[in-house]
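Here is the structure we will look at, set down as structure tokens.
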Amino acid sequence: MDARRLARPIREFARAAERLGVDLTAPPLTARGPRELRTTIMAFNRMQDRLRRFLEDRTQMLAAISHDLRAPLARLRLRAEFVEDEEQQRKMFGELETMNAMIDSTLAFARDATRQEPRKFVDLSVLVEDVCEDATDSGGAALYRGPRGIDVTCRPSDIHQSRGQCCQIRRFGSR
């Protein structure tokens, strides 16, 4: 076997190993090359499949836990509605919001681990302006005056999720 025919499957294997960290949904690598390399590629494919299943199982487990936690939190929220001391009621609502935010954050992390949306550059100043615009549309007062061209790498759907969390916090603070 000449060096080029050996090098190609090794390069493909190296690219697949690099891609594994960002895309568990990539198709399995075709096992080719010398016997030792084919064995390694097959083991790599099995590992990728196990990782994908592990992340899916973890996400399902977190979703189930989240569902189980939301019911008692909803009951606590209902009970808090009947607390006559306004300061205590406000504190209770604050703690309940914090717990719900923790659940949301945990689920977002789990979904993010299994989601394979590509990352891209986004101008952070545009994101902040959008959040300010959302606040203004909801009756708040917010304005961004800052530098442009602050590029960050993120997934576009993360932007929408972050904007929703900011708006949720703002609404809670305006009670």
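What to note about this one:
- Test for Phe82: is it out of contact with any Ser or Thr (no Cβ under 9 Å at 6 or more places or on another chain), surrounded by fewer than 13 Cβ atoms within 10 Å (Cβ to Cβ) and of a type in the set (A, V, I, L, M, F, W, C): yes
- Taking the numbered list (1) at pLDDT 80 or above; (2) β-branched (Val, Ile, Thr); (3) surrounded by fewer than 12 Cβ atoms within 10 Å (Cβ to Cβ) in turn, Thr153 passes all entries but (1).
- Criterion: over 28 Å from Thr106 (Cα atoms) and in a helix (DSSP H, G or I) - qualifying residue of Leu37, Leu51: Leu37
- Residues of region 131-148 satisfying the condition of being surrounded by 13 or more Cβ atoms within 10 Å (Cβ to Cβ), assigned to a loop (DSSP other than H, G, I, E, B) and of a type outside the set (Phe, Trp, Tyr): Gly140, Ala142
- Subset of region 49-76 (residues that are of a type in the set (Val, Ile, Thr) and within 30 Å of Gln88 (Cα to Cα)): Ile65
- Residues in region 1-32 that are without any contact (Cβ under 8 Å) to a residue 24 or more places away in the chain, in a helix (DSSP H, G or I) and surrounded by 13 or more Cβ atoms within 10 Å (Cβ to Cβ) were compared, and the one that is nearest to the chain's Cα centre (by Cα) is Arg19.
- Residue match in region 94-114 (condition: under 30 Å from Leu24 (Cβ atoms), surrounded by fewer than 13 Cβ atoms within 10 Å (Cβ to Cβ) and modelled with pLDDT of 75 or more): yes
The values are calculated or read from the model by the stated rules, or taken from the named source; none is laboratory data. These numbers were taken from a predicted model, which means no experiment stands behind them. Virtual Cβ from ideal backbone geometry, glycine too; neighbours counted across all protein chains shown.
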